[in-house]
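Take a look at the structure set out below.
The values are calculated or read from the model by the stated rules, or taken from the named source; none is laboratory data. The shown structure was predicted, so the numbers you read here are calculated from the model rather than taken from an experiment. Here Cβ is always computed from backbone atoms with ideal geometry, including for glycine, and neighbour counts include all displayed protein chains. The area values use the complete protein model at the heavy-atom level, side chains included, leaving out ligands, DNA and RNA. Shrake-Rupley method; radii C 1.70, N 1.55, O 1.52, S 1.80 Å.
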Amino acid sequence: MALAEDTNPMQGFKWVGSRPIRPDGFDKVTGRAKFGADLVLPGMLTGAVLRSPHAHAEIVSIDTSDAEAMPGVKSVVTGADFPEPYGKPAEQDVQRNVMAREKALYEGHVIAAVAALTREQARAALGAIKVTYKVLPHVMNVTEAMADSAVVIHDNMITKNVDPAPEAPSNVASRTVFDGGELDKGFAEADVVVEREFTTKPVHQGYIEPHAAVADTTPDGRSTVWCSSQGHFAMRTYTSNVLGWDASRLKVIPAEIGGGFGGKTVIYLEPLAVRLSQKAGRPVRIVMDRDEVFRASGPTSGASLRVKIGAKNDGTITAADVWMAFEAGAFAGSPVGAASMTALAPYKLENFKIEGFDVVVNKPKVAAYRAPGAPISSFGVESVLDEVATKVGMDPIDFRMHNAVEQGDTATYGPKFPVIGFKETLQAIKDHPNYTAELGPNQGRGVASGFWFNAGMNSTATVNINDDGTATVVTGSPDIGGSRASMALMAAEELGIDVVSIKPVVADTETVGFNDVTGGSRVTLATGAAVVEACRIIVADLKARAAKGWDIEADQVEWVDGRAQPIDGSQPAVSLAELAKNWGRTGGPISATYSHNARGVGAAFSTQVCDLEVDPDTGRVTVLRYLTAQDAGRAIHPSYVEGQLQGGVAQGIGWALNEEYIHNDDGVMENPGFLDYRIPVASDLPMIDTVIVEVPNPAHPYGVRGVGEVGIVPPLAAVANAVAAAADRRITDLPLSPVRILDAILNSED
Amino acid sequence: MTKIHVTSEINGDEVEFLTEPNVSLLNALRDEVGLTGVKEGCGTGDCGACSVLLNDELNAACLVFAPEADGAEILTVEGLSDGDHLHPLQQCFLEGAALQCGICTPGFLVAAKALLDKNPDPTETEIRYALAGNLCRCTGYDKIIRAVQDAAAQMQEA
Ligand code: FES
Ligand code: FES
């Protein structure tokens, strides 16, 4: 498919780039929208989940007989109700994560689940399940887990990509390396070398809607599942795999999703609900409590990093050496690979080495979190770059501009960059008044940049023209932040009808073709391109129908502003609405479907500047101003693009300043609630200024790049660099909480 | 457990429901009354998703026992609009793209109404502090604050 040939990114648009009210908005401001926990079915039971109180323990026995006999209890499931783990290692990990088998691997790991008439009965029954544990020693961070004497979590884990392969199992799942040139030569050429070590803590995506699933399993062995997820097709695949079922036995209906940020691309409750419902013969709903969300779902990795960068006095980076170890949680699969690929991607570099380790610890299995891994590696690299720039006496933007990649440069992770807009983001910051705003005492300014690949993957869209001249646009991509609006805008642009005449629908797994998850910033790009292509098929069909009526060839008809007209003007134009009304006489229903594996993903860059003040008496940081410039390629609905930019920044500020998982010596999480795991609130933040840079992606019909993720890459370093400037000392461990900053101020030499 | 009979005026209607004494107003509104626009983000008073007005005062419904609502007036997001006429806050949230996923929106709308009822012309700082009990993970609050400012301006004019 040659999308690029259709591209004329400079053309004027009627709908693309406008800001209409989103089609699903009315339901969402009136309380009508149904999220995961909102569905009620007749006879529905309430499920509850028993979780391990231990970070690492052998499960010696489970006795559910008392619980089963309790009032209102209709079904109980344990590991014995699911197939023995089978299939690929990553599949077995999901099977074991959803329901513990031989061992509980983290505090919060599922041991059993119950369905009862009421919530209170279900909870009471959990207390009656007798579990005998043999508590094992646990490891909670990469340093402990990588020590020679460390307790080994999985006795079959042999580190991958080490030559020769180790003979003994360890907690290191794999090693990744990207390198080029000669490090020694590069550092020898440097006039300035800075080396630092950093640590970051696990942080949670923090979506406000807890995970929820409803399942109705019928006696024919099929089940309908309603859940809030970033991709119901993926939920179907994973859930059927855990159950050992053919996927066709499951129908998954998407609920509205109350935030995901990567954390709802995976399953937790769905297989439990299906089996509980099957055993009880009634529908079952399970909703996580907030503490379960923290203890058992998603965080992203805590990490340790070492970054060494050298540069010449003219600002040219000569060498970079990055070492990283990421916590994966209890199963292999941290985002250290993506962190390695993105770490140095914004810069032209000949001599570099990036070595990463994926390390298991007794914490929940990490899940994707917005540009997974990139904020962590970028934190280390952009912090060191800041110091290098200062040492060579360059403005941090000029320094980055001097080394920035552009079209045709080879990325440190391999490929050559196509059209990209990194330098444009740097320039946008430099040109903005925030960058020269005056700073007072104890105030500092920090700059950082970031890169994210973005994803394409698979999408299907169906467009149906209704008799009244409107269009229904059906996709299978859950709308997590306004994508229905962008689908409608692109369809309106293609069809030439008013955007309010477009009804975008997110359909279930049996109603539309396959769509991958809403992730990788891919929906407006990939699903959007499928919508555009389906609309183009419709337009071709409409032109052909009009041509037939006029008895001319279809190629003698053009489509202008929602009307077919003969190129020679020999007939009056006929509108989409008129053609739609006559569909029965012109060839039947007007409908088109387009499926593709989207290629030509547009890489995304962001540059940000943070101004903040450090209170020297308390260590508290107040963010004064924040500016983000990001290349969106083309903003389809600019308000929702700005929203993505602002949301990423806010999460990044939380990560930098406050958020962290705190575990006690027993490996038990001590802050599993929003009171103690403090995400930014309205009074913590200023307005977040945005500049949408538009360097169109030639591979998308409108030039779209994904916008969702890259915005969270720079804030950790931008904030840390600003704190370093304001407090006149650099703190390399996140979060930069008041305690840590005050400690650094009080205990510094000078 | 014997159920307790509760009568409240919810969104202008007299509503009766039965509840056990230890059930939160949040769960009663969602499960017994069917008002699922009231959301649960935490159940511990930390996120504001369950914000309701109880006798015109802003409350986290998850921290109120359902029987405490006997005889009370309750306003939830479902009662904000006047028939099919949206409240200015709802309209400004839509026009200003002040929601992304929308799970926090009902709570923000109710909390913002509570603010504007008492302080029709708040400063940005006053809005930020008045809404500090409502968590939004998607928007970074910028567009929410602006939407409340816009609604306040519109209501002042009206
Ligand atoms: S659910 Fe009530 S404050 Fe969070
Ligand atoms: S819009 Fe998603 S939490 Fe506020």
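In the range A:173-261, carbon and sulfur make up what percent of the accessible area (probe 1.4 Å)? Walk me through the intermediate numbers first.
Details: 1360 of 3140 Å².
Accessible surface attributable to carbon and sulfur in the range A:173-261 totals 43 percent.
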Rounded to the nearest 10 Å², the accessible area of A:Ser65 at probe 1.4 Å = 60 Å²
Charge dipole (the range A:572-712, unit charges on Cβ, about Cα centre) - positive-most of A:Gly600, A:Met687, A:Gln630 | A:Gly600
Once you've got the Cα coordinates, tell me which of A:Lys312/A:Lys416; A:Lys185/A:Lys423; A:Lys348/A:Lys416 are over 18 Å apart.
-> A:Lys312/A:Lys416; A:Lys185/A:Lys423
The answer for the protein assembly as shown, accessible area per residue at 1.4 Å probe in Å², is 36 Å²
Sorting A:Val266, B:Val110, A:Val574 on solvent-accessible surface, 1.4 Å probe, most exposed first, gives A:Val266, A:Val574, B:Val110
In terms of the ratio Rg/(2.2 N^0.38 Å) built on C-alpha atoms, what value belongs to chain A?
-> 1.00
Taking the Cβ of A:Ile397 as the center, what net charge do the other residues with Cβ under 15 Å away carry, scoring Lys and Arg +1 and Asp and Glu -1?
-> -3
Other-chain or far-sequence residues with amide H under 5 Å of A:Ala173's (modelled H) | A:Asp358, A:Val359, A:Val360
Short version: ³J(HN,Hα) in whole Hz for each residue of the range A:517-526, in order, from phi by Karplus 6.51 cos²θ - 1.76 cosθ + 1.60 (θ = phi - 60°), x for Gly and Pro, what are they?
-> 4, 6, x, x, 6, 9, 5, 5, 6, 7
Distance in Å, no decimals, from the C-alpha centre of the range B:1-74 to the one of the range A:695-725 is 42 Å
Measuring from centroid to centroid over Cα atoms, what is the spacing of the range A:261-279 and the range A:351-426 in Å?
-> 35 Å
Using the structure shown, select from A:Lys201/A:Lys353; A:Lys543/A:Lys581; A:Lys34/B:Lys118 the pairs with a Cα to Cα distance greater than 22 angstrom.
-> A:Lys201/A:Lys353; A:Lys34/B:Lys118
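Assuming R0 = 51 Å, can you tell me the calculated FRET efficiency for the pair A:Arg599 and A:Leu746, based on Cβ-Cβ distance, to the nearest 0.05? Provide the component values of the computation, followed by the final result.
On the way: r = 55 Å, r/R0 = 1.08.
That gives a FRET efficiency of 0.40.
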Nitroxide proxy distance, nm - points 7 Å out along Cα→Cβ at B:His85 and A:Asn671 | 4.8 nm
Would you mind counting up the charge near B:Cys42? Only other residues with Cβ under 11 Å from its Cβ, with Lys and Arg at +1 and Asp and Glu at -1.
-> -3
Relative contact order [Cα under 8 Å, 6+ residues apart], chain A, whole percent = 16 percent
The ³J(HN,Hα) series, computed from each phi in the range A:184-194 with the Karplus coefficients 6.51, -1.76 and 1.60 at θ = phi - 60°, rounded to the nearest Hz and given as x for glycine or proline, is 4, 4, x, 5, 5, 6, 6, 8, 10, 10, 10
When the charge dipole of chain A is computed with +1 on Lys and Arg Cβ and -1 on Asp and Glu Cβ about the Cα centre, the Cα farthest towards its positive end, among A:Gln407, A:Ala215, A:Pro714, belongs to A:Ala215
So, relative contact order of chain B in percent, Cα under 8 Å, 6 or more apart, is 23 percent
Counting helices only, and only those DSSP H runs with n ≥ 4, report the 222 nm mean residue ellipticity of chain A as the sum of -39,500 (n - 2.57) divided by its residues, in deg cm²/dmol to the nearest 500.
-> -8000 deg cm²/dmol
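Within a Cβ distance under 13 Å of A:Ala343, other residues only, what is the Lys/Arg minus Asp/Glu net charge?
Working: positive: A:Arg306, A:Lys308, A:Lys353; negative: A:Asp179, A:Asp321, A:Glu355, A:Glu382.
Taking every other residue near A:Ala343 into account, the sum is -1.
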Can you give the charge dipole size of the range A:104-243 about its Cα centre, rounded to the nearest 20 debye, using +1 on the beta carbon of Lys and Arg and -1 on the beta carbon of Asp and Glu?
-> 1020 debye
Calculate, for A:Val135 and A:Val177, the FRET efficiency according to 1/(1 + (r/R0)^6) with r their C-beta to C-beta distance and R0 41 Å; round to the nearest 0.05.
-> 0.65
Between A:Val40 and A:Asn466, what is the FRET efficiency for a Förster distance of 30 Å, r being their Cβ-Cβ separation, to the nearest 0.05?
-> 0.45
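Under a Cβ-only charge scheme (Lys and Arg +1, Asp and Glu -1), can you give me the dipole magnitude of the range B:88-157 about the Cα centre, in debye to the nearest 20? Present the calculation step by step, with values, prior to reporting the outcome.
Numbers: 6 positive and 8 negative charges, 60 e Å.
Dipole of the range B:88-157, to the nearest 20 debye: 280 debye.
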Note to self: C-alpha centroids of the range B:129-145 and the range A:512-529 sit apart, in Å, by 28 Å
Please report the relative contact order for the range A:411-495, taking Cα pairs under 8 Å with a sequence separation of at least 6, and give it as a percent rounded to a whole number.
-> 14 percent
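Quick test of the membrane-span-like rule: which DSSP H helices of chain A reach at least 20 Å along their long axis (C-alpha atoms) with mean Kyte hydropathy at least -1.0? If you can, show how the numbers build up before the last one.
Numbers: long enough: A:374-391 (25 Å, 0.43); A:528-550 (33 Å, 0.65); A:638-657 (28 Å, 0.18).
Qualifying helices: A:374-391, A:528-550, A:638-657.
For peptide A:669-678, what's the mean number of Cβ atoms from other chains within 10 Å of each residue's Cβ? Don't jump to the answer; show the numbers that get you there.
On the way: counts 0, 0, 0, 0, 6, 8, 5, 1, 1, 2.
Across A:669-678, the average partner-chain Cβ count within 10 Å equals 2.
Kindly sort A:Met324, B:Met155, A:Met394 by accessible area of their heavy atoms, largest first, with the probe set to 1.4 Å.
Working: A:Met324 0, B:Met155 70, A:Met394 50 Å².
Reading off the accessible areas and sorting them downward yields B:Met155, A:Met394, A:Met324.
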